[in-house]
1. Determine if the stretch B:110-125 includes at least one residue that is within 14 Å of another protein chain (Cβ to nearest Cβ) and either outside any helix (DSSP H, G or I) or under 25 Å from D:SER115 (Cβ atoms) (or both).
2. Can D:SER192 be described as surrounded by fewer than 23 Cβ atoms within 10 Å (Cβ to Cβ), hydroxyl-bearing (Ser, Thr, Tyr), assigned to a helix (DSSP H, G or I) and within 18 Å of the chain's Cα centre (by Cα)?
3. Look at the stretch C:195-228 and say how many of its residues are more than 19 Å from the chain's Cα centre (by Cα) and not in a loop (DSSP other than H, G, I, E, B).
4. Of (1) open to solvent by 10 Å² or more (accessible area, probe 1.4 Å); (2) in contact with a Cys (Cβ under 7 Å, 6 or more places away or on another chain), D:GLN35 satisfies all except one. Which?
5. Do you know which residues across the stretch C:38-59 are within 7 Å of another protein chain (Cβ to nearest Cβ), out of contact with any Gly (no Cβ under 9 Å at 6 or more places or on another chain) and either open to solvent by less than 10 Å² (accessible area, probe 1.4 Å) or assigned to a helix (DSSP H, G or I) (or both)?
6. If we scan the stretch D:259-268, do we find a residue that is of a type in the set (Gly, Ala, Ser), over 16 Å from D:SER192 (Cα atoms) and part of a helix (DSSP H, G or I)?
7. Considering only helices (runs of 4 or more DSSP H) fully contained in the stretch C:68-180, which possess at least 2 residues that are free of Cβ contacts under 8 Å to residues at least 60 places away in the same chain and touching a Cys at 6+ places or on another chain (Cβ under 7 Å)?
8. Only one of (1) out of contact with any Phe, Trp or Tyr (no Cβ under 8 Å at 6 or more places or on another chain); (2) over 23 Å from C:ARG62 (Cα atoms) is not met by C:SER107, so which one is it?
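The values are calculated or read from the model by the stated rules, or taken from the named source; none is laboratory data. What you see is a predicted model; the values in this text were computed from it and never measured. Cβ coordinates were reconstructed from backbone atoms using ideal geometry, including for glycine residues, and neighbour counts include every protein chain displayed. Just so you know, the surface numbers come from the protein's heavy atoms only, side chains and all, with ligands and any DNA or RNA stripped out. Shrake-Rupley method; radii C 1.70, N 1.55, O 1.52, S 1.80 Å.
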Amino acid sequence: MPDDKFNFLLRMGDNALVLSQRLSQWCGKGPALEEDIALTNVALDLLGQARLWFAYAGELEGKDRDEDQLAFLRDAHDFRNLLLVEQPNGTYADTLARQFYFDSWHYFLLQELTKSSDARVADIAEKSIKEVSYHLRRSGDLVVRLGDGSEQSRSMMQAALDDLWMYTGEMFKADAVDEAMTAQSIAPAPADLHAPWLAHVQGIFEEATLVLPPANAWMQQGGRQGKHTEHLGYLLAEMQFLQRAYPGAQW
Amino acid sequence: MPDDKFNFLLRMGDNALVLSQRLSQWCGKGPALEEDIALTNVALDLLGQARLWFAYAGELEGKDRDEDQLAFLRDAHDFRNLLLVEQPNGTYADTLARQFYFDSWHYFLLQELTKSSDARVADIAEKSIKEVSYHLRRSGDLVVRLGDGSEQSRSMMQAALDDLWMYTGEMFKADAVDEAMTAQSIAPAPADLHAPWLAHVQGIFEEATLVLPPANAWMQQGGRQGKHTEHLGYLLAEMQFLQRAYPGAQW
Amino acid sequence: MSPEERAFQEKIDAGVKIEPKDWMLEGYRKTLIRQISQHAHSEIVGQLPEGNWVTRAPTLKRKSILLAKIQDEAGHGLYLYSAAETLGVSRDQLLADLHSGKAKYSSIFNYPTLSWADMGAIGWLVDGSAIINQIPLCRCSYGPYARAMIRVCKEESFHARQGYDIMMALCKGTPEQKQMAQDALNRWWWPSLMMFGPSDAESINSAQSAQWRIKLFSNDELRQKMVDQTVPQAEYLGLTVPDPDLKWNEETGHYEFGEIDWSEFQNVLKGNGPCNRERLRTRVQAWEDGAWFRDGLNAYADKQAARKTQVPQAA
Amino acid sequence: MSPEERAFQEKIDAGVKIEPKDWMLEGYRKTLIRQISQHAHSEIVGQLPEGNWVTRAPTLKRKSILLAKIQDEAGHGLYLYSAAETLGVSRDQLLADLHSGKAKYSSIFNYPTLSWADMGAIGWLVDGSAIINQIPLCRCSYGPYARAMIRVCKEESFHARQGYDIMMALCKGTPEQKQMAQDALNRWWWPSLMMFGPSDAESINSAQSAQWRIKLFSNDELRQKMVDQTVPQAEYLGLTVPDPDLKWNEETGHYEFGEIDWSEFQNVLKGNGPCNRERLRTRVQAWEDGAWFRDGLNAYADKQAARKTQVPQAA
């Protein structure tokens, strides 16, 4: 069904858009000038990727919805991003923990998507993975340095990683959309990403002298099916204001 | 000019609406159950007053705009509230300081408005002043008890009152709208409210053993003319979301 | 059974209210404290999912009704803590137990409110279920609790009606609004049925509580009542109850309904609901952030008391 | 004048760059530190008014351009702090001076950004003025500063064009959008003119700075250039410059413009602008909130260094 692919593309785009939006809330408020620059860089990369996914999704849907209509004129229940990426910024440790879990998954996913049977998907993945390998290196490196840093940085990183752990399970759970994508060799089976993700995450935890949260912890889910946490609505109200308040205007 | 009166009514309504919106952000998060109840009560009173002012403003304007269109379909530059009421909640001390300054002004203003040459204005003022005398008693009483309370509560109240002082000057500055209202005996001259306001505020500061900020401090202004602080846009984006996202829907 | 115990049970059996100063069984006292405080905590925590939409209510009238409702809930919390205090426990102690996770609140508030329609669904389904649970308690054996419940139930029935009114407006509205209402029903239906607690067969304390008349109907009876009452309301709204097994049984005069997923109930109870962590953290944070305020008021009260004693000397 | 002083001034007069290791006058060094750090601080604080709209940018493309611009500003801050550091002062010391209020940043950032059009007006007017100020500095006497300015100016001219492009879109848009653009021009026009500083007659250090070639044109000359450049652009947009005294002088070939309200300038400088307090607090808060992060990275670096020294022993 073309609907499945449309849904899959929205999931990719929404993850990138929502995380980029969160990161851009840090503008000018990071803990060091170098971080301001690096974080904005990641936000920009993700925003660019979101635009590529939305452009394709819009074309595929054939209803003349462009990237802005997809980004600014859908309400929360039509967003398909992971719960993880909509979680509030919290402290910088929380922001880094969110980024680290996401990058680690995003990287292995994109790696598989470069082999997609859909040439356009493979192409977008190819373009994105260079940026995302940098994201992956950066967030892993910071987790290591802060985990193995001072007593305070260690305990803050550990707490942040523990807190967000319950939002990681959703990355590896398949639904009908995923099954269709896997059947058509458009995307990997979500479960197949778990082993490489865990190996990478585990490696970084070890190097960072941090304790991996329990494997059997309860995992939240729903974002990819449009059932979000209470945070997304506020994020969208802010992000979408101008398009909503001035319908049809050109900017 | 009927425009002046419309503007005046919007100022009254916007003050009440925006402050009510701020107070309602405390729902379920106050420092004590009794405070949750009292603060919600004030929020409800102000919301009710906003509706009365908007109803009159809409009728006067004669463009068929009802209370909801006035509340939910104007952007920030069309809002006419004082800068004071849009300031963020901050700590509970900040919230109380904001309330105390506002109530002290609101009360004396409404007292004059009960004598308005415009019967409808006098009527709304009459209905409101009973509620507002309770607000005034409550916020003054809390300032006294917290100012003359513990070391910490004293310093927090003092800091909060100092911080917001610069937003009080605007209450007493007249512009063309005020001059028209005063000329028509619809509303008092803003400057005339300064002496009773200051006397009341001074009395409470004394009883609270707090130090009154300097009389010659620089005062911010602009809210009543639609030049706001950066906070209002966010407040409106959240408040107006549903009306903007689902134009024309009945709720 | 001691003579006191016998007299106590006889009073209950005769429908005479037990009052705070009366002799009572320790188990009765403890069970009541647990039950009343859990109810009070639910009112307090229950402000949060609704507070989540009060700043985004779609009209000023709806905002006003929702604010008033949340205020009522805080008020209910107040009555109920007072009722619990008559049993010799302080509100601060009860709150400490809430904050430490020792005391529970209704699991229903561990679900998120994701659209405005949830304000309708909560009023209609959650308050609706609460009323069914609570009306019998207006006749329970402990006087202060029974009297608190009378006040609570009066207001709750308003809330349920207001909730249904929100649903009605949505169902008469645009297709998007109707979809919002259906989605809310889908998400709140089963959790609302779970509010009545496990099936009686599974419920450990039911028999004892029934004997003490602090539980007057079984969980399953109350749940059936809720289903029977709600299904026609859903039909009237033109909404579909998310239960393929739901059907009217002409013979019994009741609706039959599908299996409840009790593993979900247990899981949310264990702390794994979508919002358990956030709700509790929000309350704990509010309490901690408010410490300076409560301390400040206490310090003032102490000073005032001291000043009063000093006045004669100064004169 | 000592021989060193004479040689120093001769180099400057001959257009030879002063480099960090060269002998320099203490006054020259101090003036440069003040000027460069003030410029660096402006880039950092300048992220905030634009950051205020990045989460609300109206299209993904505009959001992307704005984000990239803010990133550039952080980058400019970085070059400029590095340039200042060549004069023997640390970035941490400079930041401490910013946070304590001892060091200044451009007063323009003490005005609020109230609509999306302000993103246009800032690019067009504020960055436009900054470029006019900065282009001459690419030829200033201090090498590291001159080289930093070359990089900065290249990017700033993009920003100014992007800002104008936002204004253009708004002016071609709906009446509401055009009104937004006019309102932004009304609010930013005079503060932008003030960015060049007081009239030369009032400017104390100008002569000395001119002699050192770290100031190459007078404030009034630069301001005139800005007006001459900007007024036709405003006309092209169909916007009205908020100055009733503005008129073209055929003879001089320049625009004449009205009196600047220098009391407002002085007042904002004193700390009374609409956002002075908030901008500084935001930066101080960010710095304090980030302490654990910087400390953590330092602790890690120390451990790594220690481990490296220990490796031979362990081997």
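1. No; the residues of the stretch B:110-125 include none that is within 14 Å of another protein chain (Cβ to nearest Cβ) and either outside any helix (DSSP H, G or I) or under 25 Å from D:SER115 (Cβ atoms) (or both).
2. Spelling it out, it is not the case that D:SER192 is surrounded by fewer than 23 Cβ atoms within 10 Å (Cβ to Cβ), hydroxyl-bearing (Ser, Thr, Tyr), assigned to a helix (DSSP H, G or I) and within 18 Å of the chain's Cα centre (by Cα).
3. The qualifying residues number 8.
4. (2)
5. Of everything in the stretch C:38-59, those that are within 7 Å of another protein chain (Cβ to nearest Cβ), out of contact with any Gly (no Cβ under 9 Å at 6 or more places or on another chain) and either open to solvent by less than 10 Å² (accessible area, probe 1.4 Å) or assigned to a helix (DSSP H, G or I) (or both) turn out to be C:VAL54, C:THR55, C:PRO58.
6. No, the stretch D:259-268 contains no residue that is of a type in the set (Gly, Ala, Ser), over 16 Å from D:SER192 (Cα atoms) and part of a helix (DSSP H, G or I).
7. Filter on the stretch C:68-180 gives C:128-134, C:143-171.
8. (1)
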